[in-house]
Amino acid sequence: MREQLLNLFDSSGDLTTQIIIIRLAAAAVIACFIFLSYRLSHDGSIYSKKFNVSLVALTLITTTVMIVIGNNIALSLGMVGALSIVRFRTAIKDSRDTVYIFWTIVVGICCGSGDYLVAALGSAFAFVLLLLFGRLRNDGRMLLIIRTARVNEDKVEALIFQRYQRKANLRVKNTTETGVEFIYEINKRLIDREKKAGKSITDAVYAIGNIEYFNMVMQNDDISS
């Protein structure tokens, strides 16, 4: 029994320098594809070069950790205990960043354990899918912000409903003793269509009278993510 426990926690293993280099090299190659995928699927203000470089480093670090703990159960238990007390508080700017973090961890685990085929095929599918769908954006939304007197509350609601029916979604309605503010979300195509037809929503709103301000704000994924 004692010999079995000693063999269980034996850290000698059969890893050689060549195997370690091969696993790290494979992880580095796939990490370059992750770097390229992130660069192609992100643009504008949501792209972070530092985060992209961190993905490459995370892949290699995870591979190194797997090489170590995969050859020593005692270290693997200690690593689990150490990671369980670590709290990551880095704010995720884009929801897709979480996908890339998990991608790098999975690649590191696969390369660290020598499963190069799984890492390569999984990364190839992820690369294609993120390349195809990574540039899908939702930039066709506009916010109509109207602030007016309380006496015009029903008139504004009637005007918006008459112009857009159920296509204008009321997101916020702030009221005070003397004033009211509406925030409607609407498809930008409807606004552009009305402009071409010569029916400006701006003129219609100000025609009500006693309008404090009327703002049109363009929403996009860069600021809403």
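The numbers here are math on the coordinates, done by the rules we state, and not lab data. Everything numeric in this text was worked out from a predicted model, so none of it was measured. Counting neighbours? That spans all protein chains shown, and the Cβs are built from the backbone with ideal geometry, glycine included.
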Query - From phi via Karplus (6.51, -1.76, 1.60), per-residue ³J(HN,Hα) for region 158-163 in Hz, x at Gly/Pro - result: 5, 5, 5, 5, 5, 7
Query - Relative contact order %, region 141-224, counting alpha carbon pairs below 8 Å whose residues are six or more apart - result: 47 percent
Requested in this report: Figure the gain on full extension for VAL217 and LEU40 (residue separation times 0.36 nm, minus the Cα-Cα span) and round it to one decimal in nm.
Outcome: 61.0 nm
Report task. Rounded to the nearest 0.05, what FRET efficiency do ALA25 and PHE125 give with R0 = 22 Å and r taken as the Cβ-Cβ distance? Could you check? Result -> 0.50
Requested in this report: Using R₀ = 45 Å, calculate the FRET efficiency as 1/(1 + (r/R₀)^6) where r is the Cβ-Cβ separation of LYS155 and SER95; round to 0.05.
Outcome: 0.70
Query - Spatially proximal lysines relative to LYS155 (Cα-Cα < 26 Å; intrachain offsets below 8 disregarded) - result: LYS167, LYS173, LYS188, LYS195, LYS196, LYS199
**Report entry** Simple spin-label estimate for THR202 and SER54 in nanometres, 7 Å along Cα-Cβ
**Finding:** 4.1 nm
